Amino acid sequence: MKTVGVISDTHGLLRPEALEVLETVDLIVHAGDVGGPPIIDALRELAPLSAVRGNVDRGIWAEAFSATQIVEVDDLLLYVLHDLGQLDLDPAAAGFRVVIYGHSHDPKVTEKRGVIYLNPGSAGPRRLRLPISMARMTVGEVDSQAPRPARWPGQSFVFGSGAKRIEVELISLEEFG
């Protein structure tokens, strides 16, 4: 079992609640609009990090990040980009099980043609009336004896079973704690 913390649209703000959620993950995926090197540095202190550049990520530091990234978790392939409108491939045909994206600040989990589309929402400054959120993804069989933080409010989605099981939790950082 592997856990992946999924965060996006921090825009230079890394909330303590997000850091607490990320303390227990095996990998962090940031879907862009990071907001600067301090965010990258703080996330790398917690777990290995895969991040893409968003539309507001500019400057020399941002050039180190590509617009898309392929991440492997166990034997599952994740495709990461900032703006789903920029998706230029058929994820199912390319063998991806999960597409992670941000940009809209609107948390969402859907499945189409066997591919999970995950937008964790924005963990940064509030935009309009959208929630402050992120996600946690668990890949593989879940050990029912393992401690699980019960205080994380949000929505949970389960896809598949056994070693191919994927659980996605959308976590509201506003109700955290």
**Asked** Filtering the range 1-29 down to residues that are polar (S, T, N, Q) and under 22 Å from S104 (Cα atoms), which residue is surrounded by the fewest Cβ atoms within 10 Å (Cβ to Cβ)?
**Response** T10
**Asked** Among D88, D74, which is the only one that is at positive phi and surrounded by fewer than 16 Cβ atoms within 10 Å (Cβ to Cβ)?
**Response** D74
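Quick one: would you say V109 is closer than 21 Å to T3 by Cα, without any contact (Cβ under 8 Å) to a residue 60 or more places away in the chain and of a type in the set (A, V, I, L, M, F, W, C)?
The answer is no for V109.
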**Fill in**
Going through the range 92-110 in order, the residues found to be surrounded by 14 or more Cβ atoms within 10 Å (Cβ to Cβ) and more than 20 Å from S8 (Cα to Cα) are none
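All of the numbers you see were taken from the coordinates with simple rules; none came from a lab. All figures in this text were calculated on a predicted structure; none of them were measured in a lab. Cβ atoms come from the backbone with ideal geometry, glycine included; neighbour counts cover every protein chain shown.
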